[in-house]
Every structure is written in structure tokens, then in C-alpha cells.
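Participant: Structure below; questions to follow.
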Amino acid sequence: MTDMPLLSDGILLPKSVQEMSMNGDEPPPEFHVKDNSFGCTYSSDLAASGSVPVIDLSLLLSSKDELEKLRLALESVGCFQVLYSLSSKAIGHGISSSFIDKVREVAKQFFGLPQEEKQKYSRAVNEVEGYGHDLIVSEKQVLDWNSRLFLRVFPEHQRKINLWPESPDSFREMLHEYSTKLKQMMDLLFKAMSKSLNLEENSFSDQFGDNPVMQVRFNFYPPCSRPDKVLGVKPHSDRSGITVLLQDEEVEGLQIVKDGRWITVPVIPHALVVNLGDQMQIMSNGIFKSAVHRVVTNTDKLRISVAMFNEAEPEKEIGPVEGLIDDNRPRLYRNVKNYASFNYECFQKGKVALEEVKLHA
Ligand SMILES: O=C(O)CCC(=O)C(=O)O
Ligand SMILES: [Fe+2]
């Protein structure tokens with residue numbers, strides 16, 4: 001690692017994954033997966049195309065069966081796909097397939113810009129927002145084979161608009177519209193999740209506060225010559241309440257753990273993937289599972305995904321909802337504030353945040 005630039009709190013490899021991919025370079029050892037800490041062996045042989053429940057958003061608040069399907073999905077894998085209808089009127093949140101095509105197109109155009117242009121939005125040291133790659137912050141860390149653009153979208157007054165690309169032209173407008181629509185969808189999902197557990201509709205959203213944080217992450221995974229050794233994203237669970245993920249329109253790569261095995265989340269037209277995050281696992285007193293997931297690489301196709309995350313206002317304390325604590329199910333987690341920064345501290349120490357907030361009997 002001698003000729004790598006040394007930053008005050010992290011090391012950046014001299015070449016971006018995009019450059020290495022274009023040159024056909026062998027990924028350096030910093031990217032090689034050795035093992036993982038989630039009890040699943042890293043082996044692509046284990047990955048099977050398994051089923052992930054598909055839920056119709058337009059039925060969620062009116063159909064008991066659909067609500068039951070949601071609850072079962074969240075109690076088992078913490079992941080489902082949600083169909084947004086082709087007709088925007090049918091749902092009310094106004095997501096049409098042509099708008100989804102636009103989001104994908106704009107994301108593709110951004111990642112297709114020359115490196116110097118994208119560097120304009122590159123993040124400052126120790127600041128998570130902006131365009132960039134993994135920094136090495138600990139010796140044990142294995143790097144992810146991706147570039148990404150990470151931005152805060154809500155609360156609106158906290159947007160760092162100078163980090164929002166000016167090119168392509170429609171980027172900012174698209175992102176504002178996309179995040180507004182997804183906020184509505186997340187509100188609806190929070191209500192449905194409460195209802196599915198026989199709780200008051202606002203049980204989860206009240207804990208998130210009036211101005212919950214929302215962030216977006218545009219992920220770009222270039223082809224990789226060693227998919228047997230290198231992951232697009234290592235196994236992790238999201239720190240969010242929920243994550244709504246727009247997968248690439250044709251290239252699969254996302255896998256989740258189901259019954260101790262990795263299964264591929266298939267690409268379904270007109271569907272968004274919903275992953276439950278740690279904050280919802282905490283608020284549901286462990287009834288809902290934060291989905292453990294990863295992204296695999298492939299040798300010849302690039303893949304783009306767009307992940308939208310919500311989290312509680314940092315100064316609000318979150319914890320298990322009272323109605324979900326009883327003698328049979330004692331309180332599993334302590335209350336916690338600012339889970340985002342707590343999660344990052346744990347990551348730097350090689351610890352799992354969700355384990356650290358667990359109450360041990
Ligand atoms: O690219 C994907 O499918 C998933 C990305 C992901 O897990 C994340 O951004 O947290
Ligand atoms: Fe994730």
C-alpha cells in the first residue's frame with residue numbers, strides 16, 4: 001500500500017473500480033472476500049433463485065390477506081417486492097413505469113459522465129455525502145466493487161445542493177420528484193406495518209419524528225473479472241427503518257439470506273424491492289427482521305441500482321414499541337438515539353450495531 005494517498009482518516013486506492021474494470025485489471029487483494037460474519041459461507045454455489053414475496057401496494061390497506069402476506073415476509077426474511085401499479089391513479093402515490101425508466105436513465109447518464117465531472121461531487125474526507133468509493137478505515141475491511149453517489153434528500157433544508165449533479169440537466173428535478181414519491185410510499189408502508197401487528201397506525205412513524213431523514217444511494221457496479229472473490233456490496237443489513245430499492249432493469253445481483261442460504265432477488269418489471277432495516281427491527285422488538293443482503297458481481301454486465309433509506313430524526317430516541325413488549329416477548333433492545341452515527345462507530349470497530357443495542361438477559 002506504499003503509493004496510496006493517505007487521508008487523515010482513511011486510505012483511498014489509487015484507481016477507481018470503474019478504471020480498473022475498464023482496464024481489465026485483476027481486483028487488488030483489498031477487495032478479496034475472506035469470510036463473512038453473518039454465518040453464511042461465501043460461495044456462489046449456494047445462491048439459488050428463490051422466492052421473495054410480491055405485494056400489491058394498492059391492496060395493502062384494504063385487504064387482510066395482503067397485510068398478512070406483508071407480516072409474514074417481514075417476520076421471515078425482512079424483504080419483499082412491491083408492485084406499483086401501471087396506472088398511477090390506482091395507487092395514489094403516482095409512480096408510473098415511465099417515471100421509473102427516467103430515474104434509471106438519469107442515473108445511467110450520471111455514471112457515464114467523465115471521471116473529472118463526477119469528481120466535482122466527490123465527498124470531502126470523513127463526509128459521507130457525495131460521489132465516491134470505499135475508503136480503507138480499518139485493517140480488516142474488505143472493499144466493495146462499486147462507485148456510488150450518496151445524498152440526503154430530506155429534510156429538504158438539509159440538502160447539500162452543491163453535491164447534487166448539475167448534469168444530466170434533469171437530475172435535480174428527477175431526484176426531488178422521486179424522493180417525494182418514495183416518501184409517500186414509505187409513509188404508507190409504515191402504516192401497513194403497524195396495522196399488520198395490530199398497532200395504532202402511527203406507532204412507527206411517531207418514533208421517527210416530524211422530519212425523518214431520507215437518503216438516496218445511486219450504486220454503480222462495473223463488470224468484475226473475479227466474481228468468485230469480489231462482492232459489489234459485502235453482507236450487511238441497512239441501518240434504515242426501511243429501504244426501497246430500484247434494481248437494474250435486467251441485471252440481477254442482489255441476494256438476501258433466507259433459511260441460512262443466499263437467494264437472488266429476481267428482477268420483476270414494475271416492482272421495487274423493500275428491505276427492512278435495523279431501526280425497524282429495533283422498533284418492532286425483533287419481530288420484524290432486518291434483511292441481511294449483499295450484491296454479487298459479474299464478468300460482463302454493469303449494474304445500476306438506486307436505494308432510498310429513511311431514518312429517525314437523529315435527536316429522537318427509538319426503541320421497541322410498548323405494545324410489542326410483554327412477558328412472552330420481553331424488551332429485546334435498549335432505546336437508542338442517532339443510530340446512523342452509532343452504526344458507523346460500530347463498523348469502524350468491526351462490531352455489529354444491532355448486537356450492541358441488544359439487552360442481554
Ligand atoms: O445494489 C443493490 O441491489 C443493493 C445496494 C445496497 O444494499 C445498499 O445500497 O445498501
Ligand atoms: Fe443495503
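The values are calculated or read from the model by the stated rules, or taken from the named source; none is laboratory data. From a predicted model like this one, the values you see are computed outputs, not experimental measurements. Using ideal geometry, Cβ is built from the backbone for each residue, glycine included, and neighbour counts are taken over all protein chains shown. The protein model used for the area step is the full one, side chains on, heavy atoms only, and it has no ligands, DNA or RNA in it. Shrake-Rupley method; radii C 1.70, N 1.55, O 1.52, S 1.80 Å.
Participant: Residues in region 95-124, backbone N under 20 Å from the label point at Asp169 (7 Å along the Cα-to-beta-carbon vector): list them, ranges by number please.
Facilitator: Answer for this model: 99-114, 117-118.
Participant: On a 1.4 Å probe surface of the protein chains, which of Thr243, Thr180 comes out largest in accessible area, and what is the full order? Don't jump to the answer; show the numbers that get you there.
Facilitator: Values: Thr243 0, Thr180 50 Å².
Accessible-area ranking of Thr243, Thr180, largest first: Thr180, Thr243.
Participant: Here's another thing I want to ask about it. Starting from region 186-243, pick out the chymotrypsin sites (Phe, Trp or Tyr not before Pro) whose DSSP state is loop and whose Cβ has at most 16 other Cβ atoms within 10 Å.
Facilitator: Of the chymotrypsin sites (Phe, Trp or Tyr not before Pro), not one in the loops of region 186-243 has a Cβ with at most 16 other Cβ atoms within 10 Å.
Participant: Separation between the Arg261 and Asp206 pseudo-spin-labels, each 7 Å from Cα along Cα→Cβ, expressed in nm?
Facilitator: A separation of 4.2 nm, rounded to one decimal place.
Participant: Taking the solvent-accessible surface of protein heavy atoms with a 1.4 Å probe, what is the per residue accessible area of the chain in Å²?
Facilitator: 46 Å²
Participant: Among the aspartates and glutamates, select those whose C-alpha is under 19 Å from the C-alpha of Lys349, and discard any that sit fewer than 8 residues away in the same chain.
Facilitator: Straight-distance partners of Lys349: Asp9, Glu30, Asp35, Glu127, Asp134, Glu139, Asp144, Asp238, Asp278.
Participant: Report, to the nearest 10°, how far helix 97-111 tilts away from the longest principal axis of the Cα atoms in the chain, using its own Cα long axis and a range of 0 to 90°.
Facilitator: So the helix axis and the longest Cα principal axis differ by about 30 degrees.
Participant: Tell me which of Tyr221, Thr243, Met185 sits at the most positive position along the dipole axis of region 124-246, charges placed on C-beta atoms (Lys, Arg +1; Asp, Glu -1).
Facilitator: Tyr221
Participant: For Ser237, Ser62, write out the residues from largest to smallest accessible area, computed with a 1.4 angstrom probe and no ligands counted.
Facilitator: Solvent-accessible surface, decreasing: Ser62, Ser237.
Participant: Shifting gears a bit: Pick from Gly24, Gly130, Gly241: which residue has the top mean-square fluctuation in a GNM of the chain where Cα pairs under 10 Å get a spring?
Facilitator: Greatest mean-square fluctuation among the candidates belongs to Gly24.
Participant: Something else: Using a 1.4 Å probe, how large is the accessible area of Ser76, given in Å² and rounded to the nearest 10?
Facilitator: Here the residue's solvent-accessible area equals roughly 80 Å².
Participant: Something else about it: Probe 1.4 Å, all protein chains in place: accessible area of His32 in Å², nearest 10?
Facilitator: The accessible area comes out at roughly 40 Å².
Participant: Ignoring any ligand, DNA or RNA, what whole percent of the accessible area of the chain comes from carbon and sulfur when the probe is 1.4 angstrom?
Facilitator: On the chain, the fraction of accessible area on carbon and sulfur atoms equals 49 percent.
Participant: Here's another thing I want to ask about it. Checking the cross-link filter: which lysines have an alpha carbon closer than 25 Å to that of Lys258, excluding same-chain neighbours under 8 positions apart?
Facilitator: Excluding near neighbours in sequence, the set is Lys34, Lys64, Lys69, Lys195, Lys229, Lys234, Lys289, Lys351, Lys358.
Participant: What lysines could a cross-link reach from Lys118, if we take a straight Cα to Cα line under 19 Å and drop same-chain neighbours fewer than 8 places away?
Facilitator: Lys15, Lys108, Lys160
Participant: May I ask for the angle, rounded to the nearest 10°, between helix 64-76 and the longest principal axis of the chain, with both axes built from Cα atoms and the value confined to 0 to 90°?
Facilitator: 50 degrees
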